Amino acid sequence: WHPLHAGGDADAEGRALPDFAYSGYHQGVTPPPHGVGAATITVDAALGDGVTDATAGIQAALTAACVAGGGVVRVPAGLYRLTFPAPTGGALEIRCSGVVLRGDGPKVTRLWLDDPTQARNRAMIAAKGGGNLYDTASTTTYPLTADALAPTKSLDVADPGVLAAGDYVAVRTDTTDDFRAEHRMDPATSGLADLWPSTSYRGVVYARRVTRVAAGKVDLDAPTHYPVKVRDGARVYRIGAYIAEVGIESLAVGMTENLTSPVPEPATEEDYNTPGTTAYEVHASRAIELDRVHDAWIHDVESFRPAVNTQNVHVLSSGILVGGTSFRVTVSVCNFGFPLYRVGCGNGDLRDVQASATLVPASLAQRARHGFIINNAASGTVFLRDLSVNTRYGDDSHRYLAHANLYDGVRLDRAWLQAVNRGTTSTGAGFTSTQHVFWNTHVVANHASARGCAIESAQWGDG
């Protein structure tokens, strides 16, 4: 077998498997360097007494590593109490390339967020770069002169301008009326309004690196997956200010439960919009978030129940969010469970992948709303040998035509996999997927509400 971009052939019906060989840190060519290199800075172990607010001390070490041009910040064994130091932003933030936050192992290095009423739309640990994946009015763009209908590493661009080998670029289209109609997401065909809204689904987008620029051609380090059409404003442009070579590894995270109000399911499904409720205060909180990051990793991280919690709660809402502006990330051997709030608007999703080319191997999600979720048109993601246990809903492709993603060797214990047309739910999600592959799925036990199935596939086109 050879992928189409490498000279392979489609079958008699025009179908071909996507190429999943480019996912993860450095496209899987080299493994993430977790555990590599001595500590540059070691956090004072006295901060890990479970009482002292350790936030400023750990952040100072991260900032010092940035000033030094990168390095490993070691957090030795202990229980490190964290709070939010400002009205906005994360408790801990990595804002530069080359910084690794490393514990001595998740059983002994434990970070505890003790600030449960201030967590709305905030991350406990955030790695965030600058720039933007999506072009703006001031961005210099280079329109394609021909459609790229099949997967390809080479784009036709009349004038590549200042683009050069080594540049990181975005290849992007818009969500046009023609694009919607082509996929039966227009009102005339679907009978529904507001599917795939342009304000939310901003089009097919691929983050890539330029390998060569020649007359009328821009060559990329990884293929596209889905048709990129001139009709839809296909273009390429540079992206910058991202951070890279960032790692979070060998530690555990836990959060103090929020007791402002009860959160019974499904009675509090929409309470995230109601001030004065637990749902409102913890909505969209994350344990770890990667934003505008590439070639990064999270490894050997797990959640735990802080001793102060009266319920078996590890995190307030979401676990790990790989944001849609990131790419080429590996999240390996990460075991998360038991969110407090898993009701409404994406709360309780323990592995939310919105980025392209993400690799998630050998990880566990337990008692989530969705355990392993693909969101917002993500492509090239691989879930490999993961275990999903006792989810509320399916581990699904959530919205906006995520495409060319692979679930390989996933085990399901009272969980199921789903790729369907969700209609107007989740802000006009519509067809959520195409060209997904479910391979070697192992069923431990069926989910009580999944009608006896392990996989529900109603994808657009092939899958």
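The values are calculated or read from the model by the stated rules, or taken from the named source; none is laboratory data. These numbers were taken from a predicted model, which means no experiment stands behind them. Quick reminder, even Gly has a Cβ in these numbers, built from the backbone with ideal geometry, and neighbours come from all protein chains shown. Accessible surface is based on the protein model in full, side chains and every heavy atom, while ligands, DNA and RNA are left aside. Shrake-Rupley method; radii C 1.70, N 1.55, O 1.52, S 1.80 Å.
Answer yes or no: is there a residue in segment 373-390 that is charged (D, E, K, R), over 17 Å from Phe327 (Cα atoms) and in contact with an Asp or Glu (Cβ under 7 Å, 6 or more places away or on another chain).
No, segment 373-390 contains no residue that is charged (D, E, K, R), over 17 Å from Phe327 (Cα atoms) and in contact with an Asp or Glu (Cβ under 7 Å, 6 or more places away or on another chain).
Does segment 306-327 include one or more residues that are at positive phi and in contact with a His (Cβ under 9 Å, 6 or more places away or on another chain)? Within segment 306-327 (the criterion being at positive phi and in contact with a His (Cβ under 9 Å, 6 or more places away or on another chain)), the answer is no, since none of the residues qualifies.
Residues that are in contact with a helix residue (DSSP H, G or I) (Cβ under 8 Å, 6 or more places away or on another chain) and outside any strand (DSSP E or B) were ranked within segment 100-125; the one that is nearest to Gly203 (Cα to Cα) is Arg120.
Being open to solvent by 40 Å² or more (accessible area, probe 1.4 Å) and either modelled with pLDDT of 95 or more or more than 21 Å from Ser318 (Cα to Cα) (or both): is that true of Ser388 here? No; evaluated as a whole, the condition is false for this residue. Of the residues making up segment 1-36, those that are over 20 Å from His403 (Cβ atoms) and surrounded by 13 or more Cβ atoms within 10 Å (Cβ to Cβ) are Tyr25, His26, Pro31, Pro32, Pro33, His34, Gly35.
Across segment 53-87, the qualifying residues are those that are hydroxyl-bearing (Ser, Thr, Tyr) and not in a strand (DSSP E or B), and the one among them that is nearest to Val108 (Cα to Cα) is Thr55. Taking segment 400-426 as the range and being aliphatic (A, V, I, L, M), outside any strand (DSSP E or B) and either touching a helix residue (DSSP H, G or I) at 6+ places or on another chain (Cβ under 7 Å) or surrounded by fewer than 24 Cβ atoms within 10 Å (Cβ to Cβ) (or both) as the test, only Val420 passes.
Scanning segment 386-414 for residues that are out of contact with any strand residue (DSSP E or B) (no Cβ under 6 Å at 6 or more places or on another chain) and basic (Lys, Arg) yields a count of 2.
Residue by residue, here is whether (1) on the phi > 0 side of the Ramachandran plot; (2) in contact (Cβ under 8 Å) with a residue 40 or more places away in the chain; (3) touching a Phe, Trp or Tyr at 6+ places or on another chain (Cβ under 8 Å) holds:
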| site | (1), (2), (3) |
| --- | --- |
| Ala68 | no, no, no |
| Val75 | no, yes, no |
| Leu82 | no, yes, yes |
| Pro85 | no, no, no |
| Gly98 | yes, yes, no |
| Val108 | no, no, no |
| Thr117 | no, yes, no |
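In segment 126-144 there is at least one residue that is assigned to a strand (DSSP E or B) and surrounded by fewer than 18 Cβ atoms within 10 Å (Cβ to Cβ). Here the strands (runs of 3 or more DSSP E) wholly within segment 201-277 that include at least 3 residues being under 19 Å from Asn376 (Cβ atoms) are 205-214. Would you confirm whether any residue within segment 392-399 is part of a loop (DSSP other than H, G, I, E, B), among the small types (Gly, Ala, Ser), open to solvent by 10 Å² or more (accessible area, probe 1.4 Å) and in contact (Cβ under 8 Å) with a residue 40 or more places away in the chain? Checking segment 392-399: not a single residue is part of a loop (DSSP other than H, G, I, E, B), among the small types (Gly, Ala, Ser), open to solvent by 10 Å² or more (accessible area, probe 1.4 Å) and in contact (Cβ under 8 Å) with a residue 40 or more places away in the chain. The residues in segment 196-241 that are among the hydrophobic types (A, V, I, L, M, F, W, C), out of contact with any strand residue (DSSP E or B) (no Cβ under 7 Å at 6 or more places or on another chain) and open to solvent by less than 20 Å² (accessible area, probe 1.4 Å) can be counted, and the count is 1. Of the strands (runs of 3 or more DSSP E) lying entirely inside segment 282-361, those containing at least 2 residues that are of a type in the set (D, E, K, R) and open to solvent by 10 Å² or more (accessible area, probe 1.4 Å) are 286-291, 293-303. For segment 57-97, the set of residues classified as open to solvent by less than 20 Å² (accessible area, probe 1.4 Å) and more than 30 Å from Glu281 (Cα to Cα) consists of Ala65, Gly70, Gly71, Val72, Val73, Pro76, listed by residue number.
Checked against the criterion of being within 23 Å of His299 (Cβ to Cβ) and not in a helix (DSSP H, G or I), the candidates Gly50, Gly90 yield just one match: Gly90. Here Ala404 does not fit the description of being closer than 22 Å to Ser318 by Cβ and of a type in the set (Gly, Ala, Ser).
Find all pairs meeting these conditions: Cβ atoms under 7 angstrom apart; at least six residues apart or on different chains; first residue within segment 42-53 and more than 20 Å from Val72 (Cβ to Cβ); second residue outside any loop (DSSP other than H, G, I, E, B) and of a type in the set (A, V, I, L, M, F, W, C). These pairs meet every condition: Gly50/Leu79.
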